[in-house]
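Here's the structure, in structure tokens; my notes come after.
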Amino acid sequence: MAFAVNPENHDFVSPNSLHDSWLVHWNVSEQLAGEKKQRRSIQIDVCLLGSRHDRHIILKYGNVRSHSIARAETDTLGGHGDLLVHELRLMREGLFAHEILFSRGTVFLVEFRDFEHRVELLS
């Protein structure tokens, strides 16, 4: 997976790093699939405001097998805070997991088969 091996996505000083970005949205939707559109698959679209606030980092997870959001009960400030760390793991052949931890204790976890990543500069 190109995203995992690109150091620009993990270097804390890179403007394309997820570190210190803010969550704009985390959208979960169901997509129709199959010849007769009888199967449905889950897709998650994520938009993060980059740490320099000059770009959006877009993540798209397709063929999602599972997903969860755990929010720290002790947080009274609202919001999720800055993205602290993220880990991308190979679960088994063709199945990946991406775990994302925010500074206020929220953890996002998604297991997926398909992944897209892009960066959009803000004008």
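Rule-based calculations on the coordinates, nothing more; no lab input. Please read these numbers as outputs of a predicted model, since none were measured by experiment. Note that each Cβ is placed from the backbone with ideal geometry, even for glycine, and that neighbours are counted across all protein chains shown.
Residues of the range 64-108 being touching a residue at least 40 places away in the same chain (Cβ under 8 Å), part of a strand (DSSP E or B) and touching a Leu at 6+ places or on another chain (Cβ under 9 Å), which ones?
SER66, HIS67, SER68, ILE69, LEU83, LEU84, VAL85, HIS86, PHE96, ILE100, PHE102, PHE108 - these are the residues of the range 64-108 that are touching a residue at least 40 places away in the same chain (Cβ under 8 Å), part of a strand (DSSP E or B) and touching a Leu at 6+ places or on another chain (Cβ under 9 Å).
Among the residues of the range 18-39, which ones are assigned to a strand (DSSP E or B) and either hydrophobic (A, V, I, L, M, F, W, C) or under 30 Å from HIS80 (Cβ atoms) (or both)? Give the derivation first.
Let us first name the residues in the range 18-39 that are assigned to a strand (DSSP E or B), namely 22-33, 39.
Residues satisfying the conditions are TRP22, LEU23, VAL24, HIS25, TRP26, ASN27, VAL28, SER29, GLU30, GLN31, LEU32, ALA33.
Can we say GLU111 is buried (at least 17 other Cβ atoms within 10 Å of the Cβ), acidic (Asp, Glu), touching a Phe, Trp or Tyr at 6+ places or on another chain (Cβ under 9 Å) and within 24 Å of GLN43 (Cβ to Cβ)?
Spelling it out, GLU111 is indeed buried (at least 17 other Cβ atoms within 10 Å of the Cβ), acidic (Asp, Glu), touching a Phe, Trp or Tyr at 6+ places or on another chain (Cβ under 9 Å) and within 24 Å of GLN43 (Cβ to Cβ).
Taking the range 55-85 only, how many residues are under 15 Å from MET1 (Cα atoms) and crowded, with 17+ Cβ neighbours inside 10 Å? I'd like the intermediate steps shown before the answer.
Keep residues of the range 55-85 that are under 15 Å from MET1 (Cα atoms), which gives 59-62.
Next, from what is left, pick out any that are crowded, with 17+ Cβ neighbours inside 10 Å: 59, 61.
Residues flagged as under 15 Å from MET1 (Cα atoms) and crowded, with 17+ Cβ neighbours inside 10 Å within the range 55-85 amount to 2.
Scan the range 23-40 for residues that are surrounded by fewer than 17 Cβ atoms within 10 Å (Cβ to Cβ) and within 26 Å of THR106 (Cα to Cα) and jot them down. Reasoning before the result, please.
Our first condition is that a residue be surrounded by fewer than 17 Cβ atoms within 10 Å (Cβ to Cβ); within the range 23-40, this holds for 24-25, 27-40.
Hits for the range 23-40 are VAL24, HIS25, ASN27, VAL28, SER29, GLU30.
Checking ARG52 against (1) crowded, with 17+ Cβ neighbours inside 10 Å; (2) outside any strand (DSSP E or B), only one condition comes out false. Which one?
(1)
When you scan the range 86-102, how many residues do you find that are surrounded by 17 or more Cβ atoms within 10 Å (Cβ to Cβ) and out of contact with any His (no Cβ under 6 Å at 6 or more places or on another chain)? Lay out the reasoning, then the answer.
Of the residues in the range 86-102, the ones surrounded by 17 or more Cβ atoms within 10 Å (Cβ to Cβ) are 86, 96, 98, 100-102.
Applying the additional criterion that residues be out of contact with any His (no Cβ under 6 Å at 6 or more places or on another chain) yields 86, 96, 98, 101.
Result for the range 86-102: 4.
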